[in-house]
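Please read the structure below before turning to the comments.
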Amino acid sequence: MFVLELTYTADLESVEAVLPQHVQWLREHYAAGTFLASGRKVPRDGGVIIAVGEDRAFVEALVATDPFVRAGLTEYRVTEFLATTTAEELAAHRQQLPA
């Protein structure tokens with residue numbers, strides 16, 4: 001599982017201009033089952049996405065397709081973790097520690 005932390009590198013007016021494309025991108029990845037949760041950070045200097053993916057390379061390639069990234073409006077920090085304990089609603093995404 002991955003935590004994707006976005007940090008805006010441009011003013012909010014520029015971010016707002018591309019927000020509809022970013023939201024569509026989010027919807028596509030929710031529909032594909034890749035994104036589990038997302039939202040704005042408080043204060044509003046970026047956002048956070050909880051994602052699943054086959055490996056880090058897959059997720060980093062996915063991040064590069066975000067319209068915010070393509071427009072040069074944000075930087076991503078990708079943190080991979082093993083979700084060994086989850087709420088029941090996320091049971092399908094529980095992971096095992098390596099042997």
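Tabulated values for the structure
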| item | result |
| --- | --- |
| Selection within segment 53-90 - among the aromatic types (Phe, Trp, Tyr) and under 28 Å from residue 20 (Cα atoms) | 58, 68, 76 |
| Flag for residue 61 being farther than 14 Å from residue 3 by Cβ and free of Cβ contacts under 8 Å to residues at least 24 places away in the same chain | yes |
| Per-region count, segment 1-48, residues farther than 26 Å from residue 95 by Cβ, assigned to a loop (DSSP other than H, G, I, E, B) and of a type outside the set (S, T, N, Q) | 6 |
| Any hit, segment 33-52, residues being in contact with a His (Cβ under 8 Å, 6 or more places away or on another chain) and of a type in the set (Val, Ile, Thr) | yes |
| Hits in segment 49-88 - residues which are in a strand (DSSP E or B) and charged (D, E, K, R) | 75, 77, 80 |
| Residue under evaluation residue 66, criteria (1) in contact with a strand residue (DSSP E or B) (Cβ under 8 Å, 6 or more places away or on another chain); (2) surrounded by fewer than 17 Cβ atoms within 10 Å (Cβ to Cβ), criterion not met | (2) |
| Enumeration of residues in segment 1-54 that are in contact with a Gly (Cβ under 8 Å, 6 or more places away or on another chain) and aliphatic (A, V, I, L, M) | 6, 10, 48, 52 |
| Matching option when the condition is surrounded by 11 or more Cβ atoms within 10 Å (Cβ to Cβ), without any contact (Cβ under 8 Å) to a residue 40 or more places away in the chain and touching a Phe, Trp or Tyr at 6+ places or on another chain (Cβ under 8 Å), among 26, 19 | 26 |
| Every pair of residues 6+ apart whose Cβ atoms lie under 6 Å, when the first sits in segment 83-96 and is under 14 Å from residue 37 (Cβ atoms) while the second is part of a helix (DSSP H, G or I) | 83/93 |
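Rule-based calculations on the coordinates, nothing more; no lab input. Worth saying up front: this structure is predicted, and the values here are computed from it rather than measured. Note that each Cβ is placed from the backbone with ideal geometry, even for glycine, and that neighbours are counted across all protein chains shown.
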